[in-house]
There are 2 protein chains.
Amino acid sequence: MPRRRVDASLTGVNPATTLDDLAERLPAGALITDPIKLEAYRRDRAEDPDAGTPLAVVRATCTADVQEVLRFASATRTPVVPRGAGTSLSGGSTAVDGAITLSLEQMREITVDPVTRIATAQPGAFNAEVKDAAAVHGLWYPPDPASYTFCSIGGNIATNAGGLCCVKYGVTVDYVMGMEVVLADGRAVRLGGPRIKDVAGLPLTKLFVGSEGTLGIITEVTLRLIPAQRRPQTLVATFPTLGAATAAVLAITSSMRPSMLEFMDAPTINAVEDETRMGLDRTAAAMLIVQSDEPVEHAGVEIAEVTRLCEEAGATEVFSTDDPDDGEAFVAARRLAIPAVEKKGTILLEDVGVPIPALGDLVEGIAAISDRHDVIVAVLAHAGDGNTHPLVVFDPTDDAQRDRAHTAYGEIMDLAVGLGGTITGEHGVGRLKRPWLDGYLGDDVMELNHRVKDAFDPHGILNPGAMLLSAEQRETALTRRGR
Amino acid sequence: MPRRRVDASLTGVNPATTLDDLAERLPAGALITDPIKLEAYRRDRAEDPDAGTPLAVVRATCTADVQEVLRFASATRTPVVPRGAGTSLSGGSTAVDGAITLSLEQMREITVDPVTRIATAQPGAFNAEVKDAAAVHGLWYPPDPASYTFCSIGGNIATNAGGLCCVKYGVTVDYVMGMEVVLADGRAVRLGGPRIKDVAGLPLTKLFVGSEGTLGIITEVTLRLIPAQRRPQTLVATFPTLGAATAAVLAITSSMRPSMLEFMDAPTINAVEDETRMGLDRTAAAMLIVQSDEPVEHAGVEIAEVTRLCEEAGATEVFSTDDPDDGEAFVAARRLAIPAVEKKGTILLEDVGVPIPALGDLVEGIAAISDRHDVIVAVLAHAGDGNTHPLVVFDPTDDAQRDRAHTAYGEIMDLAVGLGGTITGEHGVGRLKRPWLDGYLGDDVMELNHRVKDAFDPHGILNPGAMLLSAEQRETALTRRGR
């Protein structure tokens, strides 16, 4: 008999109340308590030095497994940290002492329905695998975080991930039509579905996109697909000043919709050139990579217009190509930027965003912070979205420099918020940025966040401490304020 | 001194606790209790025969007015029904006995920032006014409900309104970046803002889009704009059978993204032809209107491909034009469909949607329901979205026919749900469709809806009875079930 996939009714079924009992209800080997094996699940890509140690890791194989874990967790008030591919840059899946880390890495099925033009995926499937499955049918799942070859679609949805193509094609939330979610008490519910328009009831599907595992565990998603992207034409422009480059960005975004509009500053260009020796201009203050995926004649018109706008803004050099391989080389260089900068030292990866007109002030302000604290900050940006990734680089053996780097990291968020921007554009708040969320949202909106959290997770067992203070942390904070 | 726009802090300010006191805190004439004047605010376009009579109508002029009303409402537990232009087709703003109807019709300011490419609008502004304000800067706000010349943007957001261009450009939620909301207790908060990517905190902005006034009162919205649409090319095809037309729809949607893909059946074609005498084929079982707004050469390619697909599916006649005026005549005919059918009798306007592959079964099932109950059902559809508007026509003086029409109306929703579809694609649940919501969503998802509702509106004063049962109705329902 095939393993039951979803435990629709919970009536009359008692939850496991001990880890041993829970282990027996799960497939053999799914529940891990071996300390050596647990170690691999303590940290995600944010490498949080304060990561805890899980009580256990469960590698779920199906929705029913997730339900068993949540029912156990609810009954015993055991916190649960959901984890996809562990690529969070904000510590969204950092382990918590005494919590179960619930890994979805084995739930990786994908099916594509080309007529309805949807993909149905389990949360552990990689973004690239969804793209590949769609491509078989001439279809495309656009969102493309830089980590798309190794990040999970469940994590993408938990953080409302973005990427390079978002400037024209939108972010993850624009592609999520429905999902199956296991609630804190172990019930599995379906939200939305393969209906392009559906306004029946509160839009709970959208509420889950970007909820960082704090409201429920996503066990399946229904994604909208669109026809395959046309082969893009590519332009690369270098600029003598940051101001000239950001002026070009504004000129472009106010008149057209390129399918890519990326920015790299001098430290980033040099780090990439160190790796690739592809001949990038090391003396440039900034570089833009722009693509148009319009039909071929019109793409030529768009790229010509971008050329004109870059030259008007003072570009030193503008190069364009309709050869997809030549173009892809520049995109690959851009995708290489983070690993290239990482070779220079340990990095704190920022993700601040501002309204487009403030992009120049943000980039120049970051340069000033870099100078003031004498740390390298390499800036790359999804410029067309106003979303930047300053990489604060420090020598991990130099304590003073580490401290200056952390100060710069915080000041960059303060700068962005002061410019009407956000502390995180696409990586999520996780545990790393939580201390800055209150200041950004303010007390009233924070209270709404907590009210919604409490409505879904009354016992505070879901990913405690990610995005929002855990119940214990809130208690402490309230006590400190004299309630 | 200019009138204070937002009452940021509520500390130390006592709310009004009588209508007289409330009236004094509002601009002269803003609070209306004259029964003759109230009459105009009892019903919206759904013409609910069970509409109540408001305790009072307040015509707010600014956010601070809305705050005064909500503070009064919270203090006195007075329900509040928000109302934009009163064009709800689901009774979303039907008056409730003893409630204040809070009209936003005077809050109509719009500003456009062409560099950030956003519009900031007050809720009472018409959709068409937002489009016009954007067009001044060569920009476009796509969502285009059929009522766009007289429906309010606040209502569009409350219902996550759709329209004709959504097949390519998405629905309202895809364009809402932020908003100001007055909460049940009178606090005004800002959610989101002019940041293309922003994942800091739970995505409450998206939660409000489609919440039908049940979570708070939207007093300002920030909308994303895109460059102006290119002049479209248009194709009209007629089909001898419903099946041939829906087969053509599937062939088109699975291979391309037209900017419009509309469907009309024989009763609709004939009603429109009665009005326009434009020479539509009265013998056709169905007609499709398709547009492509790709760059001119490519639009020609797309329209040629649609021609081929329609012919393959068995189209009787296919006509295409790149003359925008000729094309617009057909779009105008489509927009005229509802008023044209309304000339045939009183209508019950449906809004069911299904996954695209089920469109044929839905349309043919509706024809069978029409036959079975001997009532005319004219079907028009945003076919590319699987979203249909069956218009059930009846003679209001014929009680038996009216009953049969209501039976057919319910059966159409049951049919759609049975096909994996929704009871409402873009009009909202309102009061008319509320009895069908529980069956569609199921008990678990309904409970989540109520939990979220309670988190925002603990006293149940916001638009009670719209979308969700009011607190009283819930109490009664629970008592009836023996709790």
Qualifying residue in the range A:318-330 (condition: under 30 Å from B:G192 (Cα atoms) and touching an Asp or Glu at 6+ places or on another chain (Cβ under 7 Å)): no
Qualifying positions in the range B:154-170 - under 10 Å from the mean Cα position of the chain (by Cα) and not polar (S, T, N, Q): B:G155, B:I157, B:A158, B:A161, B:G162, B:G163
Residue that is in a helix (DSSP H, G or I) and either within 14 Å of chain B (Cβ to nearest Cβ) or in contact with a strand residue (DSSP E or B) (Cβ under 6 Å, 6 or more places away or on another chain) (or both), where the choices are A:H389, A:H450, A:H427: A:H450
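Can you pull out the residues in the range B:410-424 that are of a type in the set (V, I, T) and more than 10 Å from chain A (Cβ to nearest Cβ)?
Scanning the range B:410-424 gives a single hit, B:I412.
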Which listed residue is touching a residue at least 12 places away in the same chain (Cβ under 8 Å) and open to solvent by less than 10 Å² (accessible area, probe 1.4 Å), from A:A125, A:A85, A:A135: A:A125
Residue in the range A:447-470 that is at pLDDT below 95 and over 24 Å from A:A285 (Cα atoms) present: yes
Members of the range A:88-102 that are open to solvent by less than 30 Å² (accessible area, probe 1.4 Å) and not aliphatic (A, V, I, L, M): A:S88, A:S90, A:G91, A:G92, A:S93, A:T94, A:T101
Some residue of the range A:16-24 being charged (D, E, K, R), open to solvent by 60 Å² or more (accessible area, probe 1.4 Å) and in contact (Cβ under 8 Å) with a residue 60 or more places away in the chain: no
Output for the range B:103-116, where each listed residue is within 13 Å of another protein chain (Cβ to nearest Cβ) and surrounded by 24 or more Cβ atoms within 10 Å (Cβ to Cβ): B:T116
Meets criteria (more than 8 Å from chain B (Cβ to nearest Cβ), open to solvent by 20 Å² or more (accessible area, probe 1.4 Å) and of a type in the set (F, W, Y)) for A:Y175: no
Residue match in the range A:361-368 (condition: within 14 Å of chain B (Cβ to nearest Cβ), open to solvent by 10 Å² or more (accessible area, probe 1.4 Å) and modelled with pLDDT of 95 or more): yes
Matching residues in the range B:380-406 - criterion: being in contact with a helix residue (DSSP H, G or I) (Cβ under 6 Å, 6 or more places away or on another chain) and not charged (D, E, K, R): B:L380, B:A383, B:G384, B:G386, B:P390, B:L391, B:V392, B:F394
Any chance B:A383 is closer than 30 Å to A:P227 by Cα and open to solvent by less than 10 Å² (accessible area, probe 1.4 Å): yes
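Go through the range A:453-474 and give me each residue that's over 14 Å from B:F456 (Cβ atoms), outside any loop (DSSP other than H, G, I, E, B) and open to solvent by 20 Å² or more (accessible area, probe 1.4 Å).
Hits for the range A:453-474 are A:A471, A:E472, A:Q473, A:R474.
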Test: A:G91 is out of contact with any Phe, Trp or Tyr (no Cβ under 8 Å at 6 or more places or on another chain) and in the same structural domain as A:T33 (by the TED database): yes
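For every residue, the table says whether it meets (1) in contact with a Pro (Cβ under 7 Å, 6 or more places away or on another chain); (2) charged (D, E, K, R); (3) assigned to a helix (DSSP H, G or I); (4) over 19 Å from B:G213 (Cβ atoms).
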{"residue": "B:A23", "(1), (2), (3), (4)": "no, no, yes, yes"}
{"residue": "B:Y41", "(1), (2), (3), (4)": "yes, no, no, no"}
{"residue": "B:R45", "(1), (2), (3), (4)": "no, yes, no, no"}
{"residue": "B:D48", "(1), (2), (3), (4)": "no, yes, no, no"}
{"residue": "B:P54", "(1), (2), (3), (4)": "no, no, no, no"}
Scope the range A:178-223; condition at the interface with chain B (Cβ under 7 Å from one of its Cβ atoms) and open to solvent by 20 Å² or more (accessible area, probe 1.4 Å); matching residues: A:R187, A:P194, A:R195, A:I196, A:D198, A:P203, A:K206
Given (1) hydrophobic (A, V, I, L, M, F, W, C); (2) assigned to a loop (DSSP other than H, G, I, E, B); (3) away from every other protein chain (no Cβ under 14 Å), index of the condition A:L432 fails: (3)
Cross-chain or 6+ apart pairs with Cβ under 9 Å, the range A:98-119 first and more than 23 Å from A:V136 (Cα to Cα), then hydroxyl-bearing (S, T, Y) and surrounded by fewer than 18 Cβ atoms within 10 Å (Cβ to Cβ): A:G98/A:T53
For B:L250: the one exception among (1) touching an Asp or Glu at 6+ places or on another chain (Cβ under 8 Å); (2) among the hydrophobic types (A, V, I, L, M, F, W, C); (3) facing chain A (nearest Cβ under 8 Å): (1)
Residue check, B:A405 open to solvent by less than 30 Å² (accessible area, probe 1.4 Å), under 22 Å from B:V173 (Cβ atoms) and not assigned by the TED database to the domain that holds B:V182: no
Residue match in the range A:62-74 (condition: at pLDDT 95 or above, in a loop (DSSP other than H, G, I, E, B) and in contact with a Ser or Thr (Cβ under 7 Å, 6 or more places away or on another chain)): no
Scope the range A:34-71; condition touching a helix residue (DSSP H, G or I) at 6+ places or on another chain (Cβ under 8 Å) and open to solvent by 10 Å² or more (accessible area, probe 1.4 Å); matching residues: A:T53, A:L55, A:E68
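Here are some residues: A:A60, A:A85, A:A64. Which one is of a type outside the set (D, E), closer than 20 Å to A:K37 by Cβ and more than 18 Å from the chain's Cα centre (by Cα)?
A:A60
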Every residue from the range B:415-441 that is within 21 Å of B:D48 (Cα to Cα) and more than 19 Å from the chain's Cα centre (by Cα): B:D438
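The values are calculated or read from the model by the stated rules, or taken from the named source; none is laboratory data. Please read these numbers as outputs of a predicted model, since none were measured by experiment. We place every Cβ from the backbone using ideal geometry, glycine too, and count neighbours over all the protein chains shown. Accessible surface is based on the protein model in full, side chains and every heavy atom, while ligands, DNA and RNA are left aside. Shrake-Rupley method; radii C 1.70, N 1.55, O 1.52, S 1.80 Å.
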